[in-house]
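Visitor: Below is one structure. I have some questions about it.
The values are calculated or read from the model by the stated rules, or taken from the named source; none is laboratory data. Note that the structure is a prediction, hence the values are computed from the model and not measured. When we count neighbours, we look across all protein chains shown, and the Cβ atoms used for this are built from the backbone with ideal geometry, even at glycine. Each accessible area value is taken on the protein alone, full model and side chains, heavy atoms only, with ligands, DNA and RNA left out. Shrake-Rupley method; radii C 1.70, N 1.55, O 1.52, S 1.80 Å.
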Amino acid sequence: MKIEKKEIANKLGKLKVLLNSKIIGNDGVVVKGNTLYATNIEMSIKTTLDIPASDENFVIPKSSIGLIENLPEGIIDITCKDKSVFIKCGKIKNKFPKYDLKNYPQRSDIKTKENTVINSEKLFGAINSVLYAVSETSDRKEVLKGVLLEAKDGILNVVGCDGFRMAWSKIECDGEFKLIIPKDIMRKIISIGMTGDIKITCDKSGVKFNNDEYEIYSRVITGEYLGYRQLFIDYPNQTFIERKNLSECLKRTLICGDDKSNNTIRCKFDKENVSVSLYQSISEYEEIVGLEKSVKESLEIGFNGRYLLDTINSFGSDKVSIGLGNNNQAIIMNDEKNSALLLPIRLREKEKSAAA
């Protein structure tokens, strides 16, 4: 096999995220003719190279992928002979044992041929907007460690939740399916950089994402997801705010905090402004941000500041609507494509009195 170093290094670099050099069957990328694939217990990735197909079948171990990535630009010649594989590039030569392909199965066991086609930019844009809200804590409910994809009535609902905050994005989509993909796997899928239209095929055990260049299989999380729709209440007390203004205010507020374990901030919505303040043992900070619409009722409410910053930064619009209930109810934010809610934190008396 002769191929430009840039092409094969780029493909191998994406597939190696699945590899573990200490596990047989997961310690290298399989080459079959002009096809590459890598597999671990959770997912597999398959892609083709822009070269003629051949009869050569071998494994490029993870250690040799690093070598290929650091070879000079030009043509790389990879060949098999007897029980060895050779990599040549100019005056550089590398030899390693030929691995048994029986130890490298490819997973793609989807039991249906029905698929849904979605634009990759819209799909991954929606997923990226909710990933911040997906749980990374090991003791959380299993379904909260994944991204929900629910296609129904011409809409794909993409949802993430960690028990304290929830993010919900919607894009147009034909077809009907419901699946939960683990957060870490979803990040890996996005990192591959699939473009164009993507076919999604799924059953109860797994899902496949296909485009002209890649085929990716992933396991899914079983279980019933939270009833997210009824949590997004249409509060009568609503306002609008410039997203950038609130984001920059929150960044400044958190910088002034000395206690990294306590990021509780106080937000007081009153008439046409929101007062954002933080009180800690040796630090006090307050900033007033203007609202685009006057609130009907004043409200003083506390939040984890970093969670609130993540939430406001997940929106792409210049203006975000904010729905307010009482100080024990979640705050709800919306723009044209995305929605998010964040549960409040009870303010301690000293935080209230210091800000008064």
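Visitor: Please determine whether any residue of region 158-175 is touching an Asp or Glu at 6+ places or on another chain (Cβ under 9 Å), on the phi > 0 side of the Ramachandran plot, touching a residue at least 40 places away in the same chain (Cβ under 8 Å) and not β-branched (Val, Ile, Thr).
Guide: Yes, that holds for at least one residue.
Visitor: Among 50, 100, which is the only one that is loosely packed, with under 13 Cβ neighbours inside 10 Å, out of contact with any strand residue (DSSP E or B) (no Cβ under 6 Å at 6 or more places or on another chain), charged (D, E, K, R) and over 22 Å from residue 215 (Cβ atoms)?
Guide: Working: 50 fails: over 22 Å from residue 215 (Cβ atoms).
100 is the lone residue from the list that is loosely packed, with under 13 Cβ neighbours inside 10 Å, out of contact with any strand residue (DSSP E or B) (no Cβ under 6 Å at 6 or more places or on another chain), charged (D, E, K, R) and over 22 Å from residue 215 (Cβ atoms).
Visitor: Give 1, 43 a once-over and let me know the one that is buried (at least 17 other Cβ atoms within 10 Å of the Cβ), in contact (Cβ under 8 Å) with a residue 60 or more places away in the chain and farther than 20 Å from residue 216 by Cα. Outline the logic, then answer.
Guide: Working: 43 fails: farther than 20 Å from residue 216 by Cα.
Unique residue meeting the criteria: 1.
Visitor: Identify the residue in region 216-250 that is over 18 Å from residue 340 (Cβ atoms) and open to solvent by 40 Å² or more (accessible area, probe 1.4 Å) and, among all such residues, is nearest to the chain's Cα centre (by Cα). Spell out how you get there, then give the answer.
Guide: Initially, region 216-250 is screened for residues over 18 Å from residue 340 (Cβ atoms), giving 216-224, 236, 248.
Then drop every residue that is not open to solvent by 40 Å² or more (accessible area, probe 1.4 Å), which leaves 219, 222-224, 236, 248.
On the way: 219: 16, 222: 19, 223: 20, 224: 20, 236: 33, 248: 24 Å.
Once the filter is applied, the top-ranked residue is 219.
Visitor: Let me spell it out: the conditions are (1) touching a Phe, Trp or Tyr at 6+ places or on another chain (Cβ under 8 Å); (2) modelled with pLDDT under 95; (3) farther than 27 Å from residue 26 by Cβ, and residue 153 meets all of them except one. Which number is the exception?
Guide: Result: residue 153 fails condition (1) only.
Visitor: Mind checking which strands (runs of 3 or more DSSP E) fall wholly inside region 267-356 and carry at least 1 residues that are of a type in the set (A, V, I, L, M) and touching a Cys at 6+ places or on another chain (Cβ under 6 Å)?
Guide: Those strands (runs of 3 or more DSSP E) span 273-279, 284-290, 299-304.
Visitor: Please determine, by comparing only the residues of region 55-73 that are open to solvent by 50 Å² or more (accessible area, probe 1.4 Å) and either touching a helix residue (DSSP H, G or I) at 6+ places or on another chain (Cβ under 8 Å) or part of a loop (DSSP other than H, G, I, E, B) (or both), which one is farthest from residue 191 (Cα to Cα). Full working, then the answer.
Guide: In the first step, residues of region 55-73 are kept if they are open to solvent by 50 Å² or more (accessible area, probe 1.4 Å); the result is 55, 57, 62-63, 67, 69-70, 72-73.
Still in the running and either touching a helix residue (DSSP H, G or I) at 6+ places or on another chain (Cβ under 8 Å) or part of a loop (DSSP other than H, G, I, E, B) (or both): 55, 57, 62, 69-70, 72-73.
Details: 55: 30, 57: 27, 62: 18, 69: 17, 70: 21, 72: 25, 73: 24 Å.
Only one residue fits best here, namely 55.
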